[in-house]
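Below is one structure; the comments refer to it alone.
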């Protein structure tokens, strides 16, 4: 009996293969930038006083970045939900 799956896991066209390539590049960029950011901030935490002005500003900036990323992701995933709740 022939298996007639509607979608193949292997890209069948050059455009689809290019999308797979782009996704791989994006994943690598995300991994490398995340790793370097975590390393720099960890080094900062180990070398600075936690109650210093510099550290307090850095911690506030980290929290704000996470909130902004959460909102951006929410808007990308479901823009209608956010528009309806604002109106």
With all pairs of different alpha carbon atoms counted, what Kirkwood hydrodynamic radius in Å does region 15-75 show?
13.9 Å
Taking the Cα-to-Cβ direction at residue 19 and at residue 47 and moving 7 Å from each Cα, how far apart do the two end points lie in nm?
4.4 nm
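Coordinate-derived values only; no laboratory data. Everything quoted here is computed from the prediction, not taken from an experiment. Reconstructed Cβ throughout: ideal geometry from the backbone, glycine too, with neighbour counts over all protein chains shown.
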